[in-house]
Amino acid sequence: MDTAEKFSRYAEWVADESPLYASLARAAADDDLLLDIASEARSAQPEPELLLAAVHSLLLDGREHPLSQFYPSCGGADPDADPVPQFRDFCRANEAQLRSIVARRRCQTNDVGRSAVIRPAFEHVARTAGTGTVAQVEIGASAGLNLNWDRYQYEFAGAGTVGPSDAPVTIESEVRGDRRPPVSRAVPTVAYRRGIDLNTLDASLEADARWLHALIHPNRVRRHDRLEAALEVAREHRPPLTEGDAVDALPSHLSAAPDDAALVVYSTHVLYQLDEETIANLRSVLSRHSRERRVYWLSIDPGEELGTPTYRLVTFDDETARETQLARFESYGKWIRWLASEDGPPSQEPS
């Protein structure tokens, strides 16, 4: 798929969430200069998201231009006028800076709404393992905001409210379907936490915090507010992060985890950015470590569409793998549909 087609497909995908971004993406698909700027992106990085985030980042940084009137996150009123002429003018006026950002940055949306599925997934693992203690290692942790999932409050419509009542972050999620996700008031205790990313972000750095905001659609004011609250939590409870390749970094962190805790390796929207060889190598690391102790792997099914993905659990025990589908969920945690039975979820050995 060439870059122009990627922009066209992104415009269709994002139309309901952000009419502004749909218009801009359609325009970029027919603009040689904008496509060329977007092509600065590294391999496996999504060009449409990076170009749009790069523009958003400069506007958030105070770059003055009439384009900002279309961005509620920058004080704009989201007018009915056509934003495309101003978008093209902005990109031409700031071409060099945009090329630099697109080439240097990565799509690292660290949305804590995804903890709406992480929270019950960890409780499911704790129940399965028969322990109240977990050790967690996150792959593709970005700034590590989801490493603090146990410090957030959750309002599960249809299943109750759990988590610290004084938590700065509240995640609201609708529970769909007949099965109630495992969310009791006894949150598992996190005895070990570590995040791994090729390019870690620091919540205390203004530029990194701004980039995380830039990755959110300009009209999603509540997501921006929730991100800012999560950044404040991360500044107080700094997530321990390792910068490097997950396949190389994982073994030492797996070995460092306390023996009396359920060992959980997890990610959300990461595997789609990895090639098949890297995923196979990652799986091999986890399988080999399971000779020493059981390893639980939480992730989205590789290769699945990201809008409403499936969260799955692969349990490695002495190099034998069993897979369980835990839940379907909206990518930013708006809703969750729990699939696994807490009486003993059906599992299978994946091919």
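The strands (runs of 3 or more DSSP E) located wholly in segment 156-268 that include 1 or more residues which are in contact (Cβ under 8 Å) with a residue 40 or more places away in the chain, open to solvent by less than 40 Å² (accessible area, probe 1.4 Å) and in contact with a Gly (Cβ under 9 Å, 6 or more places away or on another chain) occupy 170-176, 189-197, 241-243, 262-266.
Would a scan of segment 67-74 turn up a residue that is within 22 Å of Asp32 (Cα to Cα), assigned to a helix (DSSP H, G or I), in contact with a Phe, Trp or Tyr (Cβ under 9 Å, 6 or more places away or on another chain) and without any contact (Cβ under 8 Å) to a residue 60 or more places away in the chain? Yes, that holds for at least one residue. Among the residues making up segment 298-317, those that are at pLDDT 95 or above, in contact with a Lys or Arg (Cβ under 8 Å, 6 or more places away or on another chain) and not hydroxyl-bearing (Ser, Thr, Tyr) are Leu298, Val314, Phe316, Asp317. For the criterion of being under 25 Å from Ser331 (Cα atoms), open to solvent by less than 60 Å² (accessible area, probe 1.4 Å) and in contact with an Asp or Glu (Cβ under 9 Å, 6 or more places away or on another chain), Ala4 passes.
How many residues, within segment 328-338, are in contact with a Gly (Cβ under 8 Å, 6 or more places away or on another chain) and either modelled with pLDDT of 95 or more or surrounded by fewer than 18 Cβ atoms within 10 Å (Cβ to Cβ) (or both)? Matching residues across segment 328-338 total 3.
Here Arg226 passes the criteria (1) of a type in the set (Lys, Arg); (2) under 15 Å from the mean Cα position of the chain (by Cα); (3) over 24 Å from Gln153 (Cβ atoms) except the one numbered (3). Filtered by the rule that a residue be out of contact with any Lys or Arg (no Cβ under 8 Å at 6 or more places or on another chain), in a helix (DSSP H, G or I) and over 20 Å from Ala81 (Cβ atoms), segment 30-56 gives Asp32, Leu35, Asp36, Ala38, Glu49, Leu51. Only one of the listed residues (Leu271, Leu250, Leu263) is touching a Pro at 6+ places or on another chain (Cβ under 7 Å) and under 20 Å from Tyr296 (Cβ atoms). That residue is Leu271.
Listed here are the residues, each with its yes/no results for (1) open to solvent by 10 Å² or more (accessible area, probe 1.4 Å); (2) free of Cβ contacts under 8 Å to residues at least 12 places away in the same chain.
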position	(1), (2)
Leu20	yes, no
Leu24	no, no
Ala38	no, no
Pro48	no, no
Ala77	yes, yes
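Scanning segment 269-309 for residues that are of a type in the set (Val, Ile, Thr), buried (at least 16 other Cβ atoms within 10 Å of the Cβ) and either under 13 Å from Val117 (Cβ atoms) or within 17 Å of the chain's Cα centre (by Cα) (or both) yields Val270, Ile300.
The values are calculated or read from the model by the stated rules, or taken from the named source; none is laboratory data. Predicted model only: the values in this text are computed from it and were never measured. Positions of Cβ are backbone-derived with ideal geometry, glycine not excepted, and every protein chain shown enters the neighbour counts. All accessible areas refer to the heavy atoms of the entire protein, side chains included, with ligands and DNA or RNA removed. Shrake-Rupley method; radii C 1.70, N 1.55, O 1.52, S 1.80 Å.
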